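Asker: Let me give you the structure first, and then I'll get to my questions.
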Amino acid sequence: MFESLKRRRLPVLFALLAATLAGPLVPAPAQAFEIFGITLFGKKEADPAITDPVEYTATLTVAPENEDLQEVLEKASSLVADEDEPVSGSLGLLAKAKNDRRRLVAALYENSRYDGLVTIRIEGRDVADLLPDAAFDTSRPVPVEITVDPGQLFTVGRVSIDANGVPLDPKTYDLAPGSAADSTRILAAEGRILEALRNEGRPFVALTERSVVADSATATVDLSLRISPGEPVPFGQTFVDGTTRMDPGFVAFMAGIEPGTPYSTAALETARKRLVDLNVFSNVSVRASDAQAADGTLPLQVTVAERKRHVFGAGATFSNTEGAGANAYWEDRNVFGRAESLRIEGAVSRIGANTLSDTGRETDGFDYRLAGVFRKPGVLGPDSVYVGSLIGLKEQPLAYDRTSVAFTNGVEYSIDARQRLTVNVVAEYETITDYLVSDEEFIIASVPVTYTFDSRDDKLNPTSGFLAKLAAEPGYEINGSVPFVKGRADASAYFSFDDDGRFVLAGRVGYGAVVGADLQEVPNDRRFYAGGGGSVRGYVFQSIGPYYPSIPLPGTNPNFVDTPTGGLSVFEASAELRFKVTDNIQIVPFVDAGTVGEDLAPDFGNLKIGAGVGARYMTGFGPIRVDVGIPLDPGPRDGSFQIYAGIGQAF
């Protein structure tokens with residue numbers, strides 16, 4: 001197949017080749033050791049289903065030498081990857097070698113190499129010349145030699161794209177002459193062309209002719225595509241299948257595709273995501289019919305499978321400064337048949353905190369939290385969710401003691417795939433004790449509003465994109481007749497130095513301020529603090545900022561000496577370099593900085609910096625994170641280091 005590429009002009013057929021021979025396991029020597037299904041050393045035991053197991057050795061040589069291409073080809077080669085796994089007889093080895101040749105040819109195409117040469121020899125004999133009944137000396141591992149002459153790099157040459165007589169600009173689809181001619185890149189561009197036409201309302205677009213010609217003399221690949229776009233067709237009626245408790249009409253409503261809407265694959269994916277986000281389905285399929293209805297529209301078929309209605313769970317936490325904690329929840333995912341959810345959750349924390357920490361203040365008992373949250377989707381259209389909650393808590397952070405009962409009503413609205421607006425109305429009663437007051441009562445009415453823009457490629461492990469949040473909480477403290485507005489802006493950005501996301505630079509910056517009231521008029525929990533895992537790592541939670549005196553003055557509470565007052569402004573910044581040392585393990589050095597001010601300008605003269613290193617273990621549900629932070633300028637309440645753990649990146 002590949003030798004013929006030395007001719008001057010030739011048609012090139014692109015094919016994505018997958019490995020089809022899953023190698024069996026080799027017999028294990030006596031010293032092999034396995035735990036939890038993982039062989040730590042030695043070889044795995046042979047699969048007894050393999051008849052006539054044959055071992056082999058494989059070497060791959062690229063000439064002229066090319067380290068990057070060598071690595072690519074070794075990953076593509078099943079002979080190299082499965083070298084420790086025996087094959088079934090001489091025929092099995094020959095079949096694997098011939099299949100591997102096709103895989104290596106495809107890998108060369110994927111790297112813009114169209115006139116290379118792949119030669120595979122078994123016991124010095126070219127597999128291209130061997131008959132199926134060829135036999136090898138299987139009394140020892142059979143030697144297999146792979147030699148690759150990669151040839152020259154090709155680039156894109158002439159490109160012609162015709163859609164029913166209308167020429168399309170190749171540059172729009174990243175097919176400009178002179179660009180890389182990787183086969184996967186050309187196929188991806190072809191897919192983008194068809195997708196763009198479908199998103200113009202043309203569901204029956206079809207590729208009618210493809211001509212791809214590689215010219216060795218010019219080292220270019222010429223491409224010609226002929227496309228039948230078809231006529232625009234609108235969506236029609238939505239049909240729903242697979243519901244049990246869910247109301248099918250509500251499912252169709254939440255899909256959000258009205259009859260007469262122009263067809264687009266983007267609309268289908270948005271509808272699918274809306275239904276997945278209801279959290280009641282284990283499987284969702286949204287697709288257009290293969291044929292138009294009598295009225296010329298394209299019916300929509302939604303097929304779902306419902307999850308278990310009730311779910312419960314529990315968890316535990318531990319901190320070297322805040323002690324142990326436990327939490328549990330129970331949830332009804334579908335209360336009335338329209339994806340309404342009711343979640344009851346409780347938590348207890350700060351268990352053993354006084355014993356573990358010698359820098360924190362003395363606290364009285366545990367912290368508690370009990371909450372009930374009700375969610376009802378679709379209140380203002382398919383992209384909205386009503387959220388109501390009742391939350392009671394007792395907490396004892398470093399700065400104050402607080403007991404609170406809060407009732408919230410609000411709506412979350414998705415403006416589009418990247419933008420979300422949340423508006424709440426909050427009524428809260430709380431009592432607070434700090435250095436100056438004991439059990440001071442506050443009655444607060446507020447309207448928190450949050451706008452979020454999120455273009456990250458992954459919510460738990462972003463490698464590119466941008467996240468911005470703007471939050472404002474106009475509030476009124478009724479007992480003291482104090483109006484105030486608390487606002488905050490945060491932005492995070494992510495940049496990958498390579499296509500595989502192995503080296504990622506992440507940065508975060510935030511600023512907040514409270515206006516309309518003096519510091520002591522603002523309830524303590526509405527003030528700003530810094531320090532902790534979501535702020536400046538290495539420092540104790542709330543430990544950065546101005547402090548009350550270190551001695552109990554007359555009329556003050558001696559339990560709160562050397563505790564933070566909180567501030568009217570805050571500034572925070574973080575930077576991380578996330579780099580993978582293996583496919584599953586990531587090492588993350590980081591530096592954080594933050595300061596709190598008693599007026600609208602943060603006190604940069606007392607900027608606190610923390611630094612450290614973390615590790616991430618990549619899983620299917622996001623990275624498991626462990627960070628160790630060191631305060632470079634510790635305050636009176638800080639220890640020598642802090643340890644943080646969680647799911648997802650720090651920001």
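Readers should treat all values here as calculations from the given coordinates under stated rules, not as data from a laboratory. Computed from a predicted model, the values in this text were never measured in an experiment. Virtual Cβ from ideal backbone geometry, glycine too; neighbours counted across all protein chains shown.
Asker: With viscosity set to 1.306 mPa s at 10 °C, what whole-number translational diffusion coefficient in µm²/s follows for region 205-267 from Stokes-Einstein and a Kirkwood radius over Cα pairs?
Answerer: Rounded, D is 100 µm²/s.
Asker: Report, to the nearest 10°, how far helix 89-110 tilts away from the longest principal axis of the Cα atoms in the chain, using its own Cα long axis and a range of 0 to 90°.
Answerer: Taking the Cα atoms of the chain, the angle to 89-110 is about 70 degrees.
Asker: Here's something else I'd like to know. Arrange the following residues from fewest to most other Cβ atoms within 10 Å of their Cβ: 618, 246.
Answerer: Ordered by Cβ neighbours within 10 Å, fewest first: 618, 246.
Asker: How much of the DSSP beta bridge set in region 435-647 is antiparallel, as a percent to the nearest 5?
Answerer: Around 100 percent of the beta bridges assigned by DSSP in region 435-647 are antiparallel ones.
Asker: Here's a follow-up. Can you give me the relative contact order of region 235-306 as a percent, contacts being Cα pairs under 8 Å and 6 or more apart?
Answerer: Taking the mean separation of contacting Cα pairs over the length of region 235-306, I get 43 percent.
Asker: Counting DSSP beta bridges with both partners in region 60-178, what percentage is antiparallel, nearest 5?
Answerer: The antiparallel fraction comes to roughly 80 percent.
Asker: If the chain between residue 171 and residue 327 were fully stretched, how many nm would it gain, using 0.36 nm times the residue separation less the Cα-Cα distance?
Answerer: Length gained between residue 171 and residue 327: 50.7 nm.
Asker: On to the next question. Taking Cα atoms, how many degrees apart are the long axis of helix 265-277 and the longest axis of the chain, rounded to 10 and kept between 0 and 90?
Answerer: 50
Asker: In what sequence do 197, 275 fall when counting other Cβ within 10 Å, fewest first?
Answerer: Listed from fewest to most nearby Cβ atoms, that is 197, 275.
Asker: Please compute the net charge surrounding residue 603, taking Lys and Arg as +1 and Asp and Glu as -1 over other residues with Cβ under 15 Å from its Cβ.
Answerer: Summing Lys and Arg as +1 and Asp and Glu as -1 gives -2.
Asker: Mind ordering 62-68, 396-402, 495-501 by average Cβ neighbours within 10 Å, highest first?
Answerer: So the peptides 62-68, 396-402, 495-501, ranked by packing, come out 396-402, 495-501, 62-68.
Asker: Please check which bits of region 472-506 a label hung off residue 518 would reach, taking the label as a point 7 Å along Cα-to-C-beta and the cut-off as backbone N under 15 Å.
Answerer: 480-483
Asker: How far apart, in nm, are two points set 7 Å out from the Cα along the Cα-to-Cβ line at residue 316 and at residue 509?
Answerer: Going from the residue 316 label point to the residue 509 one covers 4.3 nm.
Asker: Further question: In nm, to one decimal, how far is the modelled label at residue 604 from the one at residue 413, with both set 7 Å along Cα→Cβ?
Answerer: 3.8
Asker: Something else about it: With a Förster radius of 41 Å, plug the Cβ-Cβ distance of residue 66 and residue 575 into 1/(1 + (r/R0)^6) and report the FRET value to the nearest 0.05.
Answerer: Calculated value: 0.70.
Asker: Quick check: convex hull of the Cα atoms in region 155-228, volume per residue, rounded to a whole Å³?
Answerer: Considering the Cα atoms of region 155-228, their hull volume per residue is 77 Å³.
Asker: Ok, one more. Set the bar at 25 Å for Cα to Cα. Now go through 171/469; 273/376; 273/486; 376/486; 394/486; 469/608 and name every pair that lies beyond it.
Answerer: 171/469; 273/486; 376/486
Asker: Still on this model: Extending each Cα 7 Å along its Cβ direction at residue 425 and residue 289, get the distance between those two points in nm, one decimal.
Answerer: That separation, rounded to one decimal, is 4.5 nm.
Asker: What angle do you read, to the nearest 10 degrees and between 0 and 90, between the alpha-carbon axis of helix 183-198 and the longest principal axis of the chain?
Answerer: It is inclined by approximately 60 degrees.
Asker: Can you tell me, using C-alpha contacts under 8 Å and at least 6 residues apart, the relative contact order of the chain as a whole percent?
Answerer: In percent, rounded to a whole number, it is 6.
Asker: Continuing with the same structure: Which ³J(HN,Hα) values, rounded to whole Hz and listed in residue order, are derived for region 493-500 from phi using the Karplus coefficients 6.51, -1.76 and 1.60 in 6.51 cos²θ - 1.76 cosθ + 1.60 with θ = phi - 60°, glycine and proline given as x?
Answerer: Residue by residue, region 493-500 yields 9, 9, 9, 9, 7, 9, 5, 8 Hz.
Asker: So the label point goes 7 Å from the Cα of residue 137 along Cα→C-beta, right? Which residues of region 95-124 then have their backbone N under 12 Å from it?
Answerer: In region 95-124, the label zone of residue 137 (backbone N under 12 Å from the point 7 Å along Cα→Cβ) covers 123-124.
Asker: Shape of region 454-503 from its Cα gyration tensor (a ≥ b ≥ c, root eigenvalues): rounded if a/c is under 1.5, otherwise prolate when a/b > b/c, or oblate?
Answerer: Taking the square roots of the gyration eigenvalues as a ≥ b ≥ c, region 454-503 is prolate.
Asker: Quick check: residue separation of residue 355 and residue 258 times 0.36 nm, minus the Cα distance between them. What number comes out in nm?
Answerer: 28.8 nm
Asker: Can you work out the FRET efficiency for the pair residue 98 and residue 454, with r the C-beta to C-beta distance and R0 = 41 Å, to the nearest 0.05?
Answerer: 0.25
Asker: For region 435-647, list log₁₀ I(q)/I(0) at each q in 0.09, 0.16 Å⁻¹, using the Debye formula over Cα point scatterers of equal strength and ignoring solvent, two decimals each.
Answerer: The Cα Debye sum returns log10 ratios of -0.42, -1.12.
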